[in-house]
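Presented below is the structure to which this report refers.
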Amino acid sequence: MTLTDAELEAFLDEALPADTMRRIEQTLRGDPWLVKRLALVCARRDRGNHSLAGIWRAHRLTCPSREELGSYLLGSLEPAAADFIAFHIQTSGCRACQANLDDLRNQRAEPGPHQHSRRQKYFQSSAGKLPGR
Ligand SMILES: [Zn+2]
């Protein structure tokens, strides 16, 4: 299912027929990148608006994985994904992800022999998730 930004905006406004809303919701469940696009559409049209957090929760958008948060800390995510995480944590104020991020930051602060392999792992897992479109 290919969706335009206009359709995603209409989805956020719940301005689509009920069966289309349902279809988009189902698509979102299986497509994390579409969720991220939806978040960006949402952020772009409504930056700084407190209702964003409400929209976010209402649609129960998925949290980034721990690997993605790790890559975010390392700065190795592509810009769209990094924007999504910044938006998710700062604007929508997801406490679970904030706690995860703090935890990862603490781990990185500890010097240890596993530092390098952990870094490598984050890089590999995020590289495998980059969309090829
Ligand atoms: Zn989250």
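Just so it is clear, none of the values below were taken in a lab; they were calculated from the coordinates. Bear in mind the structure is a predicted one, so any value in this text is a computation, not a measurement. So basically every Cβ, Gly included, is an ideal-geometry build from the backbone, and we count neighbours across all protein chains shown.
Structure data summary
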{"read-out": "Whole-Hz couplings from phi, Karplus 6.51/-1.76/1.60, listed for region 12-25; x for Gly and Pro", "value": "4, 7, 6, 9, 10, x, 3, 6, 5, 4, 5, 4, 5, 4"}
{"read-out": "Gain on full stretching of the segment that runs from W33 to A6 - 0.36 nm per residue minus C-alpha separation", "value": "8.1 nm"}
{"read-out": "Potential lengthening between A109 and D19 on full extension [0.36 nm per residue; Cα-Cα distance subtracted]", "value": "27.5 nm"}
{"read-out": "S65/D102 FRET efficiency (R0 22 Å; Cβ-Cβ; nearest 0.05)", "value": "0.85"}
{"read-out": "Positive minus negative residues near A99 (Lys, Arg vs Asp, Glu; Cβ under 12 Å)", "value": "+1"}
